[in-house]
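Trainee: Got a structure here, written out as structure tokens. Questions coming.
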Amino acid sequence: MQAIVLSFRGEPLRVFPVKQRPLEVGSGPGCDVVVHDAQVPSRAWLVREGPDGVLVADDLTEGRPSVRLVADVELPLGERHGLSRAPALVAPRSREIELATEPIFLGLDEHEALSLVIGRGAEARRMRLEGRPITIGASSECDVVLPDRAVSAVHCRVEPDRLCAWVRDLGSRNGTWIDGVRTALGRVAAGSRLTLGRTELRVLEQGRRGDARREGLVASSWQMIEILGKVERLARATCPVLVWGPSGAGKEGIARALHTRGPRGPQPFVAINAAAIPRDLVESELFGHEKGSFTGAEAQRRGVFEQADRGTLFLDEIGELSLSIQARLLRVLDSWRVRRVGGETEKEVDVRLVCATHRDLRALVARGLFRADLYYRLVQARIDVPPLAERPDDVRALAAHFLEQARDNLGARSLSQDALECLLAYGWPGNARELRSVVLAAATLSGGVVQIGDVRAAIEAIAGQGAATDLSPLGARRLVEQHGSVSAAARAIGVARSTLRDRLALGGPVPDGRVRRLRAGTSP
């Protein structure tokens, strides 16, 4: 274990082990290594383990180089103190001091580097959490400047380590919060929310934006980035998760991400669509059956709960289950034991249940079509997936992804700017499934570059004549002028109001100031 020695007038004073995070050295009371010397800055050095195994002291004052600590060679701290690396073979002295408090551990997947997402929508930007520490605050001298009056001039510092990142509050007025917990020093994980004043930042794995290789998810919009952050937090939990969203929005991809990102990743992932099972076979599909238990049961069969034992069961369209099957499902969730149709004994199962639906289960409960006790059992954790029309950034990323997937069959394809604008203008009632069909159909019709005519022809062939409404900034403005308001225009063409607002914002302010009010967060 590496360690540093704090000396006083050449004599060793204290030994500090360097464990899993950097150590801050200075005269301030919040430092890990406090030097009682008025000539030492309140925050002087940040000491951490370097890639070659030696300790590196990262200077917190811009303009001075980093210093590698060497055993028996002191780095001066004021007039009387010094800092050096403890010899690797020397055992810690009896006066070695362990840090009194360990920082809050929030969980971390230590296989991916992290990045910090700042802002939302088209203005969102990423900062890689690698290399030197970064400061965050309202001052223009900070690495990340936040125009928030509730944020201190130098609010906090993010200290990247080899496999993680630490967030250290720098004496801010309103504190630094990690996932709702105020902390002076905390370790952040992929999916963590960092709150400074009224500003929320998100920590994600590098490469997550637009990366669909592992779980089949393409995330570029701020809405999906927030969802993936929630997925990272829920993946390590054991409670059931309810995923709500329209058909084709990516609910199964989220379920797979919950599985693969959690401890059950190496175990089975079983997916079944309740709406696609014949009504008289639902019980058998879910819980299995014994040989001869009913006509056609020629062999014993395991149900999906047994198939997913120790893994994850994704039950899609749970709102389509009958009340009798809901009662059996509730019993399984209470006891985690299943009995096959025609069986005499129960079998214990260990399953993480993820359910999905496009229906309003609360409305079904009010109408007596869904059991209230089952609803409350499932809704312990909920993820709402917005329709694709409300996520234009994801339209771009998905279209590029689908073209890349089709490269082997169709050859290299790219979208012209007009074709991309046409994709962004469409309402996508079929969500990502419809987008995939349109992109592939347009790519099949085109040459090397997909043109706007190819996209319009594909949309009209798949969705019907006249479906490709012009929602360019100019087209959106004309629609608003025609219908009198953003809300009326959105209803008339069947798209989300936020989609139309985004198109208007791309075209700049309109005479009546409606876009300006929308940007301020008010409804038209």
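Trainee: Can you pull out the residues in segment 282-333 that are among the acidic types (D, E) and free of Cβ contacts under 8 Å to residues at least 12 places away in the same chain?
Mentor: Hit for segment 282-333 is E298, nothing else.
Trainee: Also, I was wondering about something else. Please count how many residues of segment 184-207 are touching a residue at least 60 places away in the same chain (Cβ under 8 Å), surrounded by fewer than 19 Cβ atoms within 10 Å (Cβ to Cβ) and under 27 Å from S221 (Cα atoms). Can you show your working first?
Mentor: Looking only at segment 184-207, we keep the residues that are touching a residue at least 60 places away in the same chain (Cβ under 8 Å), and these are 184-190, 192, 194, 196, 201-207.
Going one step further and asking which of them are surrounded by fewer than 19 Cβ atoms within 10 Å (Cβ to Cβ), we end up with 184, 206-207.
Pick out the ones that are also under 27 Å from S221 (Cα atoms) and you get 206-207.
Final tally of qualifying residues: 2.
Trainee: Out of curiosity, is E112 part of a loop (DSSP other than H, G, I, E, B) and at pLDDT 80 or above?
Mentor: Numbers: part of a loop (DSSP other than H, G, I, E, B): yes; at pLDDT 80 or above: no.
In short, no.
Trainee: Scan segment 285-302 for residues that are part of a loop (DSSP other than H, G, I, E, B), in contact with a strand residue (DSSP E or B) (Cβ under 6 Å, 6 or more places away or on another chain) and either aromatic (F, W, Y) or within 21 Å of L242 (Cα to Cα) (or both) and jot them down. So that I can check it myself, show each step before the final result.
Mentor: First, pick out the residues of segment 285-302 that are part of a loop (DSSP other than H, G, I, E, B): 290-300.
Adding the requirement that they be in contact with a strand residue (DSSP E or B) (Cβ under 6 Å, 6 or more places away or on another chain) leaves 293, 297.
Hits for segment 285-302: nothing passes.
Trainee: Can you pull out every residue in segment 246-262 that is under 17 Å from the mean Cα position of the chain (by Cα) and assigned to a loop (DSSP other than H, G, I, E, B)? Give the steps one after another, and end with the answer.
Mentor: Initial filter on segment 246-262 (under 17 Å from the mean Cα position of the chain (by Cα)): 249-262.
A249, G250, R261, G262 - these are the residues of segment 246-262 that are under 17 Å from the mean Cα position of the chain (by Cα) and assigned to a loop (DSSP other than H, G, I, E, B).
Trainee: Hey, does segment 391-406 have a residue that's part of a loop (DSSP other than H, G, I, E, B) and under 25 Å from the mean Cα position of the chain (by Cα)? Reasoning before the result, please.
Mentor: Let us first name the residues in segment 391-406 that are part of a loop (DSSP other than H, G, I, E, B), namely 391, 406.
Keeping just the survivors that are under 25 Å from the mean Cα position of the chain (by Cα) gives 391.
Scanning segment 391-406 turns up at least one residue that is part of a loop (DSSP other than H, G, I, E, B) and under 25 Å from the mean Cα position of the chain (by Cα).
Trainee: Can you tell me which residue among R21, R95 is at pLDDT below 80, of a type in the set (K, R), assigned to a loop (DSSP other than H, G, I, E, B) and buried (at least 19 other Cβ atoms within 10 Å of the Cβ)?
Mentor: R21
Trainee: Take the residues in segment 264-284 that are at pLDDT below 90 and outside any helix (DSSP H, G or I), then tell me which one is nearest to L228 (Cα to Cα).
Mentor: G265
Trainee: Starting from residues that are surrounded by fewer than 19 Cβ atoms within 10 Å (Cβ to Cβ) and at positive phi, keep the ones in segment 126-183 and report whichever is modelled with the lowest pLDDT.
Mentor: If we take residues in segment 126-183 being surrounded by fewer than 19 Cβ atoms within 10 Å (Cβ to Cβ) and at positive phi, then G131 is modelled with the lowest pLDDT.
Trainee: Specify the residue that is nearest to I272 (Cα to Cα); the eligible residues are those in segment 335-387 that are open to solvent by 70 Å² or more (accessible area, probe 1.4 Å) and of a type in the set (S, T, Y).
Mentor: By that ranking, first place goes to Y376.
Trainee: Considering only segment 341-374, how many residues are farther than 22 Å from V385 by Cα, acidic (D, E) and not in a helix (DSSP H, G or I)?
Mentor: To start, the set of residues in segment 341-374 that are farther than 22 Å from V385 by Cα comprises 341-351, 366-369, 371-373.
From what's left, acidic (D, E): 344, 346, 348, 350, 373.
Filter once more, keeping what is not in a helix (DSSP H, G or I): 344, 346, 348, 350.
Residues that pass the stated criteria total 4.
Trainee: Return only the number of the condition from (1) open to solvent by 40 Å² or more (accessible area, probe 1.4 Å); (2) in contact with a Ser or Thr (Cβ under 6 Å, 6 or more places away or on another chain); (3) of a type in the set (A, V, I, L, M) that A397 does not satisfy.
Mentor: The single condition A397 does not satisfy is (1).
Trainee: Which residue is most open to solvent (accessible area, probe 1.4 Å), if the candidates are limited to segment 310-334 and must be under 21 Å from P263 (Cβ atoms) and under 25 Å from the mean Cα position of the chain (by Cα)?
Mentor: R310
The values are calculated or read from the model by the stated rules, or taken from the named source; none is laboratory data. Please read these numbers as outputs of a predicted model, since none were measured by experiment. Virtual Cβ from ideal backbone geometry, glycine too; neighbours counted across all protein chains shown. The area values use the complete protein model at the heavy-atom level, side chains included, leaving out ligands, DNA and RNA. Shrake-Rupley method; radii C 1.70, N 1.55, O 1.52, S 1.80 Å.
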